[in-house]
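Below is one structure; the comments refer to it alone.
The values are calculated or read from the model by the stated rules, or taken from the named source; none is laboratory data. These numbers come from a predicted model, not from an experiment. We place every Cβ from the backbone using ideal geometry, glycine too, and count neighbours over all the protein chains shown. Areas reflect the complete protein model, heavy atoms only, side chains present, ligands, DNA and RNA absent. Shrake-Rupley method; radii C 1.70, N 1.55, O 1.52, S 1.80 Å.
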Amino acid sequence: MFDTALVLEEIAKVCYVTAMAVMGEVGVQTRIISTFAPEHVKRRILPGVCTGEHILAVCMTEPHAGTDVARYRTNADIRGDKVVLNGVKTLISRVDEAQAFVVFSRIDQRPGREGIGCVLIEKGTPGFSVTGRYHTMGGENLAEIRFENCELPLENLIVREDGFRKLLNAFNTQRCLNPSISLGLAEGAFEEAIKNARERHAFGHSISEFQGMRWKFADMYRDIEAGRSLLYRACVTANPFPDPHEAAIAKMYCNEMSLRITSEAIQVHGGYGFTEEYPVSRFYRGARYGTLGGGTTETLKDLVGRKLFSDFSEVDGFLGMKTF
Amino acid sequence: MDFRLSDEQRSMVGAVRDLAQKEFRGRAARYMDGTFPWENIHALAKMGVLGMSVPE
């Protein structure tokens, strides 16, 4: 997983849209299939993922429920050797390109978070339709999709029992991959900014000679390296999934750091930074995704806060948290 | 605790950097309208990147 994060980080230094597309292929949906699907389903789907012929989309968010997974209404009824899927998912990436969709769904109407499992549906299944489209400020398109009595073979029921816990483990991977994109965007913006600062002159000097500019870059560099430390530390806990709390704080920090850094990088460019002709504006737009997807900052703060009040010991202090 | 990359990791990241800087940078702007970056996906597939989460 660390290697995957490193690759995404490097791609994001240049192209947010490509990094997001690759995260889709190496992220939670592929890991769910790799970990939980029957062998012949893996053999049908995964080789195409490796060659780039098969795009896999993941479907979680519903129009009325994002973070609040317990309120998902999309449901898969098991009827003998078939599964019948009904519901709506929204803000789904790569709907036009994907051949198959990994759908987080309630199973047999079982209530609450514990009732959530996962099915695989392939494009072209009768009853599958695209009912809405959105274009994001980051560049990529999202869509709303509807399942109306979609009949699937039973083998497409990928996770049935103990679904939420299993899926959350896989989902914690996303909490290291999403911030690797944030880190890459910040680094890419920094690289553009430092190049600009070396070339730009004002008042007879390169602007890189001004103390205020040097301090700005020192702050940016420090923040990027702090984010790297948190993220890489979370990544090395993966066995195969990362520690949820270390991933949470890495994501919280890197997402918010990338907003600050990309904004500062625009500031270094002056008015040109505000135009589409300079890449920094794309980094800034892409960075805004981080705190929204893969677990909002607020959800993660809740997760970490609960752990602190349950586990932080006044006797052992930070040593007792065992993060180092 | 040392998070410095191994030689193998450094080489892998270097190869991705080379590809991204030389090929992806020049076409990044064209994906802002929702166009899917197929060329980049195929280039990364050729490099083996897309199979990173798939067991052998």
Could you check A:Leu85 against (1) crowded, with 22+ Cβ neighbours inside 10 Å; (2) within 14 Å of chain B (Cβ to nearest Cβ) and say which number it fails?
(2)
Inspect all residues belonging to region A:5-13 and state whether any of them is crowded, with 24+ Cβ neighbours inside 10 Å, outside any helix (DSSP H, G or I) and at the interface with chain B (Cβ under 9 Å from one of its Cβ atoms).
yes
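Name the residue, out of A:His54, A:His40, that is in contact with a Pro (Cβ under 9 Å, 6 or more places away or on another chain) and open to solvent by 10 Å² or more (accessible area, probe 1.4 Å). Write out each step before concluding.
Working: A:His40 fails: in contact with a Pro (Cβ under 9 Å, 6 or more places away or on another chain).
Answer to the selection: A:His54.
Take the residues in region A:232-260 that are in contact with an Asp or Glu (Cβ under 8 Å, 6 or more places away or on another chain) and part of a helix (DSSP H, G or I); name whichever of them is nearest to the other protein chains (Cβ to nearest Cβ). Even if it seems obvious, please write down each step before you answer.
In the first step, residues of region A:232-260 are kept if they are in contact with an Asp or Glu (Cβ under 8 Å, 6 or more places away or on another chain); the result is A:233-234, A:237, A:257, A:260.
Now drop any that are not part of a helix (DSSP H, G or I), which leaves A:233-234, A:257, A:260.
Working: A:Arg233: 7, A:Ala234: 11, A:Met257: 17, A:Arg260: 22 Å.
Per the stated criteria, the residue is A:Arg233.
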Those residues of region A:263-281 which are in contact with a Gly (Cβ under 8 Å, 6 or more places away or on another chain) and either within 15 Å of A:Gly138 (Cα to Cα) or open to solvent by 10 Å² or more (accessible area, probe 1.4 Å) (or both) amount to A:Ile266, A:Gln267, A:Pro279, A:Val280, A:Ser281
Mind checking which residues of region A:105-154 are acidic (Asp, Glu), more than 14 Å from chain B (Cβ to nearest Cβ) and open to solvent by less than 60 Å² (accessible area, probe 1.4 Å)?
A:Glu122, A:Glu144
Do any residues in region B:6-25 that are exposed (fewer than 15 other Cβ atoms within 10 Å of the Cβ) have Cβ atoms under 8 Å from those of residues that are acidic (Asp, Glu), where the two are at least six apart or on different chains, and which pairs are they?
B:Gln9/A:Asp3; B:Glu23/B:Glu39
Residue check, A:Lys251 against (1) open to solvent by 60 Å² or more (accessible area, probe 1.4 Å); (2) among the charged types (D, E, K, R); (3) closer than 23 Å to A:Val14 by Cβ, all met but one. Which one?
(1)
Scanning for something facing chain A (nearest Cβ under 9 Å), touching a Cys at 6+ places or on another chain (Cβ under 8 Å) and assigned to a helix (DSSP H, G or I), does region B:6-20 turn up at least one residue?
yes
Check off (1) surrounded by 12 or more Cβ atoms within 10 Å (Cβ to Cβ); (2) facing chain A (nearest Cβ under 8 Å) for B:Asp33 and give me the number that stays unchecked.
(1)
Inside region A:299-321, the number of residues satisfying the requirement of being farther than 20 Å from A:Leu168 by Cα, of a type outside the set (Gly, Ala, Ser) and either in contact with a helix residue (DSSP H, G or I) (Cβ under 8 Å, 6 or more places away or on another chain) or outside any helix (DSSP H, G or I) (or both) is 6
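Does A:Glu225 count as part of a helix (DSSP H, G or I), in contact (Cβ under 8 Å) with a residue 12 or more places away in the chain, of a type in the set (D, E, K, R) and more than 26 Å from A:Gly117 (Cα to Cα)? Write out each step before concluding.
Details: part of a helix (DSSP H, G or I): yes; in contact (Cβ under 8 Å) with a residue 12 or more places away in the chain: no; of a type in the set (D, E, K, R): yes; more than 26 Å from A:Gly117 (Cα to Cα): yes.
It is false that A:Glu225 is part of a helix (DSSP H, G or I), in contact (Cβ under 8 Å) with a residue 12 or more places away in the chain, of a type in the set (D, E, K, R) and more than 26 Å from A:Gly117 (Cα to Cα).
With the structure loaded, tell me whether A:Val102 is within 14 Å of another protein chain (Cβ to nearest Cβ), within 16 Å of the chain's Cα centre (by Cα) and at pLDDT below 90 or whether it fails that test.
On the way: within 14 Å of another protein chain (Cβ to nearest Cβ): yes; within 16 Å of the chain's Cα centre (by Cα): yes; at pLDDT below 90: no.
Judged against the criteria, A:Val102 is not a match.
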